[in-house]
Amino acid sequence: MDVLFSPHPKGDRKHGLNLLAKQLRAAKEGIDMALFEFSAQQLTNVLREQIKRGVEIRLVADPGFASRPFSEVLDLLGVALPNHTCKWKLATNPLIRL
């Protein structure tokens, strides 16, 4: 069991996103996620790596937050939408079904 107290500076190895990334990378067969909000490109990148390795990703997300500009849920679904000013988010990198 890991215990996390936050916030931590992003460069801190004990930062919550680093802990989650480590856990996601350890998955061998599948990752099941139930999310209210998901906005971490760092974790989306890890999930992309896992998909390429053949790890199955299943996701349940709050639809009200899934379509917000800062949400990574649409990236996980392979969808890119412009934000409210009709501009693409610079870090948007939708996953493509392999």
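The values are calculated or read from the model by the stated rules, or taken from the named source; none is laboratory data. Keep in mind the model is a prediction, meaning the values are calculated, not measured. Neighbour counts are summed over all protein chains in view; Cβ atoms, including those assigned to glycine, are modelled from backbone coordinates with ideal geometry.
Quick look at the values:
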| item | result |
| --- | --- |
| Scan of region 36-54 for residues that are over 10 Å from the mean Cα position of the chain (by Cα) and hydrophobic (A, V, I, L, M, F, W, C), ordered by number | 36, 51 |
| Region 1-27, residues that are assigned to a loop (DSSP other than H, G, I, E, B), at pLDDT below 85 and surrounded by 11 or more Cβ atoms within 10 Å (Cβ to Cβ) | 4, 8, 12, 14, 15 |
| In region 28-71, the residues that are of a type in the set (D, E, K, R), exposed (fewer than 15 other Cβ atoms within 10 Å of the Cβ) and part of a helix (DSSP H, G or I) | 49, 52 |
